[in-house]
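Read through the structure below, which is laid out as structure tokens, and then see the notes.
The values are calculated or read from the model by the stated rules, or taken from the named source; none is laboratory data. Just so you know, these numbers come straight off a predicted model, no measurement behind them. So basically every Cβ, Gly included, is an ideal-geometry build from the backbone, and we count neighbours across all protein chains shown. Protein only, heavy atoms only, side chains kept; ligands, DNA and RNA dropped before computing areas. Shrake-Rupley method; radii C 1.70, N 1.55, O 1.52, S 1.80 Å.
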Amino acid sequence: MQQKIDAQQVRKVAKLARLDLTEAEIEEFTGQLGAILGYVEKMNELETTGVEPLAHCLPIHNVFRADEVGASLGTEKTLANAPQRDESFFIVPKILEDSSA
Amino acid sequence: MSDLSYKVIVGLEIHVQLCTRTKMFCGCALRFGTEANSRVCPVCLGLPGALPVMNRQAVEHAILAAMALDCTVAEFTKWDRKSYYYPDLPKNYQISQYDLPLGSHGHIEIPLEDGTTRSIRIRRVHLEEDAGKNVHAAGNFSQVDLNRAGTPLLEIVTEPDLSSPEQVRALAVELQRIVRYLGVSEADMQKGHMRFEPNVNLVIDRAAQQFKTPIAEVKNLNSFRALERSVAYEIRRQLDDFLETGRTMQMGNKSTRGWNDVDEVTVLQREKEEAHDYRYFPDPDLVPVVTTPQWIDEIRARLCELPVRRQVRYVQQYGLSAYDAGVLTADRSTADFFEQAVGAGGDPKRVCNLLTQVGLKLAKDRGRDLPGLGLEPGAVAALAAMIDRGAVSASAGNTILQAMVETGKKPEVLAQELNLIQKSDAGELEGLVDQVLAENAAAVAGVKEGGKKSQKARAFLVGQVMQKTKGQANPKVVSEILNSKLGGS
Ligand SMILES: [Zn+2]
């Protein structure tokens, strides 16, 4: 079977996902991810000429809610699982880069 | 440098917070200034098993805005996940729209300083969720507040059609007017409801050769002033940089810059390598949106005359100056009130003067909008008519309008109470004019001499009559009587 993915690609994906992998892990995941891609490859055997691309696997659309206020957890419950907190805030290691969604 | 000319090219990306009661995909309330992390639920936190559900109001607001921006509204659109690795969105992705935006290929008409307008193309309009807030605390930590996470945001991207800092500002201000007119956003700059990111570069012609400077994107600007100044700064910086280094646009040399509000300069932001690999993919948690013709018609019925059209119409229909028309159409409630007063018979220019010189000032002092002053449009029209027929002077009209706001009384009543009725009765005034002529033989002689001195003497005589009536004579009537007695004008 042809190699689906190499260590270089795993390094890149890990970096994008902010994962710090050891060399041993990179080797392990290269093999595992390759196997997954090989398995999914089977899909290519299907005849898809004339089949419309699908945006969602369910044949439904327009599932809305009314703009009505529901329950929030409140500050205490929200922070219950926080590794670290400072009064009403989550605390995380200092963010150097300014984020903007 | 003398043979060098350049053109400025700017495209603008704008985020506008929509005014819904709740977030985009959950029922958490949107309120400004509440305790940190109090408006948060499992959807906001991205807890396993939590499912987002679309807020219908937010989708309709977005469609209405897309229509007002002359966009083609997609018949079919979907949601995508955009990878995101900051703690202010704990899901590690932002729900956004990638390849099928809600609106595309639109236009926005912006007013220019010379009173004309210019059409700027809109590339796309899509809906997404906002992130929370990272507060940079002292020490090696940041505080995170997720109250804002999941707020519905409209992202609007223009084509690079803008060619000056003034035009960039005009577009931003016009967009603010539009979303407020439509009622889809409060667009309150103080509360961060509008954020701007201009993409700036220059096309330079030198020695029969053309050069393009590398594009710089200035991130996260939240005032019109910062927006305009940052673009102006980028123009100067890029021109200097080109003259110094000759650097031109290449694949991958677009840069991201931040705005330093204190020094008024843009600063290069160091970006992680491959930071822009967002790896979008369709969100399996959300089903697509199909806009049926019936639904589209329902939303289209909520469209109103756009502010820039209204502004142009006020100039053409009412003969107002472009400036006054801009002031009156700055918000919908002011423009509506103005038109109600004109509809009640008020002369447009008089009503405009009353509202712009007194009404809006009083409203601002009281922190309200114009209708919030409690004035009846009909009463303002009546006051305008009183000024028109000379019953009160224009300045007395301003005093009366202020008293109307303070007392709620009718202008006719206040004119009497405040003793502001002008004496326009020709018979009564004629006696006073005769008296003044008899007492000022020298000035009368001066009038008859003609030339410059005549004008001055005439003004002096009018002044004397005004003094005798304690300023309550109608100066126009006094002048007419004087002219009939002394001849000429
Ligand atoms: Zn929530």
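Results, tabulated for the structure shown:
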item	result
Amide H contacts under 5 Å for residue B:84, placed H, 5+ residues apart	B:93, B:94
Under-5 Å amide H pairs with residue B:100, H placed in peptide plane, nonlocal only	B:78
Separation in nanometres of the label points that stand 7 Å from Cα toward Cβ, at residue B:237 and residue A:95	2.2
Mean residue ellipticity (222 nm) of chain B, computed from DSSP H runs ≥ 4 via -39,500 (n - 2.57), nearest 500	-12000 deg cm²/dmol
Gap separating the Cα centres of the range B:197-246 and the range A:11-45, nearest whole Å	42
J(HN,Hα) series, the range A:27-33, from Karplus relation 6.51 cos²θ - 1.76 cosθ + 1.60, nearest Hz, glycine and proline x	5, 4, 6, 4, x, 5, 5
Exposed GluC sites (Glu not before Pro) absent - longest run of chain B, DSSP non-H/G/I/E/B, at most 15 other C-beta within 10 Å	B:306-489
Where Rh is the Kirkwood radius over Cα pairs, Rg/Rh for chain B	1.12
Added length on full extension, which subtracts the Cα-Cα distance from 0.36 nm per residue, residue B:280 to residue B:248	8.5 nm
Separation of alpha-carbon centers, the range B:396-428 and the range B:39-97, rounded to whole Å	57
Signed unit charges on C-beta, dipole axis of the range B:1-135, positive-most listed residue B:115, B:65, B:17	B:17
Neighbourhood charge, 9 Å Cβ-Cβ cut-off, centred on residue B:199 and excluding it, Lys, Arg +1 and Asp, Glu -1	-2
Those trypsin sites (Lys or Arg not before Pro) in the range B:418-489 that DSSP places in a loop and that have at most 15 other beta carbons within 10 Å	B:470
Cα Rg over Rh - the range B:4-296, Kirkwood	0.98
Net charge over other residues, Cβ less than 10 angstrom from the Cβ of residue B:281 (K, R count +1; D, E count -1)	+1
Rounded accessible area per residue of the protein assembly as shown, 1.4 Å, Å²	51
Residue-by-residue Karplus 3J(HN,Hα) for the range B:225-237, coefficients 6.51, -1.76, 1.60, Hz, glycine and proline x	5, 4, 4, 5, 5, 5, 5, 4, 5, 4, 4, 5, 5
Surface share of carbon and sulfur [accessible, 1.4 angstrom probe, percent] for the range B:92-135	48
Two-decimal Rg to Rh for the range B:230-312 - Kirkwood Rh, Cα set	1.19
Chain B, relative contact order in percent, only Cα pairs under 8 angstrom and at least six apart counted	13
Residues with amide H under 5 Å from that of residue B:118, placed H, sequence gap 5 or more	B:110, B:112
Environment charge of residue B:459, counting only residues whose C-beta is closer than 13 Å and scoring Lys/Arg +1, Asp/Glu -1	+4
Descending semi-axes in whole angstrom, ellipsoid equivalent of the protein assembly as shown, from the Cα gyration tensor	63, 29, 23
Integer Hz, Karplus 6.51/-1.76/1.60 couplings in order for the range B:110-118, x for Gly and Pro	10, x, 9, 5, 7, x, 8, 10, 9
P(r) weight above 27 Å for the range B:79-223, C-alpha pairs, percent	34
